[in-house]
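Encoded as structure tokens, the structure appears first; notes follow it.
The values are calculated or read from the model by the stated rules, or taken from the named source; none is laboratory data. None of the values given here were measured: they were computed from a predicted structure. Positions of Cβ are backbone-derived with ideal geometry, glycine not excepted, and every protein chain shown enters the neighbour counts.
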């Protein structure tokens, strides 16, 4: 168990929720790992970046972050054996969070890069955004409560597992113990910190 | 479309935030991490850190400064200045930046944009364009290139830019309003988000820019007093600009 070395800015008042929780953040060469790590540490969690499948299996909460291209990200996951570890976790009902590309990789496939097979933790596929300015960049309200989170994406999930949308686009999807978010909670200020604290309190 | 964004810009030189008028007469206005945190608390939607002397002095950026910012802040931030290769950009993202901005190096070698997009994804690649009289200028505004800003923006998008940060050197630091004609021309010519930059003096100017561009860069207007950003948000909402609830 670690104690945060600095008090969080914009203290969400929920950071004790994370104290003592072991969080494994998949570090496979396609993530904004540092920001995700900092966000969980501000909440008091014992968070570490890892490419060791054993850490991913053992953690209270495993996080699959990700930015960039789907093909190189999947290759990185497979090379480290993290694809298997994530599948085993989710099959066992252990809490697992996918962020942005991490949500898209959890689907059955993505049409990015001419078609990429995903982890199949969520039904459906990632498709290129066809409306508005792309990349879809900035803060947008997420229904049903309308709180704004930060998005930066060119592809989006089409899935029957959607549980929340933003401007009609899948913002949150859940199947079993896997929860995927299209937005970046680690970059979404106090709203994002509150979201991550809720993830920890359920882990 | 996501909500309009207000993006304070911190020009950094030798590890301190500085500000000049029309790119000249730089003076210190504060510490980057402290100012970044103050803007975040005042409701900044994102931040941009530009190392305004990196290219001129051939200096590398300060990864440790970026790491401190990433530890402190939970909003996105872009880092630019002196990025000349995909390896430079990768180091900035590894240090904790969310996006990199390229300017001079991309004009000199446009293939750099594609290399960055391939390695980092377009969402992490901001092409910064400094324009005077509609002409692209590089090296912190000191070198006219003869290139038309609109056509360069179009090429940058085609090569993989995820955003265009468009600064009018004519308007920069004057607080007389954004260059709406240039901003409008670029925003109509590309389909990626455009960040308007240079010239904000009052809320009305920002509202005008946000009627055309997806985000507005703020420098002089908020540097004297970061809490000015909080007031500005209230004024903009009063003018009908739909900003996020930053609480």
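Under the condition of being in contact (Cβ under 8 Å) with a residue 12 or more places away in the chain and within 14 Å of chain B (Cβ to nearest Cβ), the residues counted in the range A:117-131 number 3. Tally time: how many residues in the range A:165-185 are under 19 Å from residue A:132 (Cβ atoms) and away from chain B (no Cβ under 14 Å)? Of the residues in that region, 1 qualify.
Candidates A:173, A:140: the one that is in contact with a helix residue (DSSP H, G or I) (Cβ under 9 Å, 6 or more places away or on another chain), part of a strand (DSSP E or B) and touching a residue at least 12 places away in the same chain (Cβ under 8 Å) is A:173.
Yes or no, residue by residue, for (1) within 14 Å of chain A (Cβ to nearest Cβ); (2) without any contact (Cβ under 8 Å) to a residue 40 or more places away in the chain:
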| position | (1), (2) |
| --- | --- |
| B:64 | yes, yes |
| B:78 | yes, no |
| B:84 | no, yes |
| B:110 | no, no |
| B:122 | yes, no |
| B:133 | no, yes |
| B:139 | no, no |
| B:145 | no, yes |
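Residues in the range B:181-239 that are out of contact with any helix residue (DSSP H, G or I) (no Cβ under 6 Å at 6 or more places or on another chain), surrounded by 21 or more Cβ atoms within 10 Å (Cβ to Cβ), part of a loop (DSSP other than H, G, I, E, B) and modelled with pLDDT of 95 or more: B:193, B:214. Taking the range B:138-154 as the range and being modelled with pLDDT of 95 or more and crowded, with 18+ Cβ neighbours inside 10 Å as the test, the residues that pass are B:149, B:150, B:152, B:153. Of the residues making up the range A:144-164, those that are away from every other protein chain (no Cβ under 14 Å) and either crowded, with 17+ Cβ neighbours inside 10 Å or closer than 22 Å to residue B:246 by Cα (or both) are A:144, A:157, A:159, A:161, A:162, A:164. When we screen A:114, A:93, A:124 for residues that are out of contact with any helix residue (DSSP H, G or I) (no Cβ under 7 Å at 6 or more places or on another chain), at pLDDT below 95 and surrounded by fewer than 23 Cβ atoms within 10 Å (Cβ to Cβ), the only hit is A:114. If you check B:115, B:90, B:135 for being surrounded by fewer than 20 Cβ atoms within 10 Å (Cβ to Cβ), under 29 Å from residue A:150 (Cβ atoms) and within 19 Å of the chain's Cα centre (by Cα), only one passes: B:90. A count restricted to the range A:35-65 and to residues that are out of contact with any strand residue (DSSP E or B) (no Cβ under 7 Å at 6 or more places or on another chain), within 14 Å of chain B (Cβ to nearest Cβ) and over 20 Å from residue A:201 (Cβ atoms) stands at 1. Of all residues in the range B:183-198, those satisfying the criterion of being over 25 Å from residue B:118 (Cα atoms), in contact with a strand residue (DSSP E or B) (Cβ under 6 Å, 6 or more places away or on another chain) and free of Cβ contacts under 8 Å to residues at least 60 places away in the same chain are B:183, B:196, B:198.
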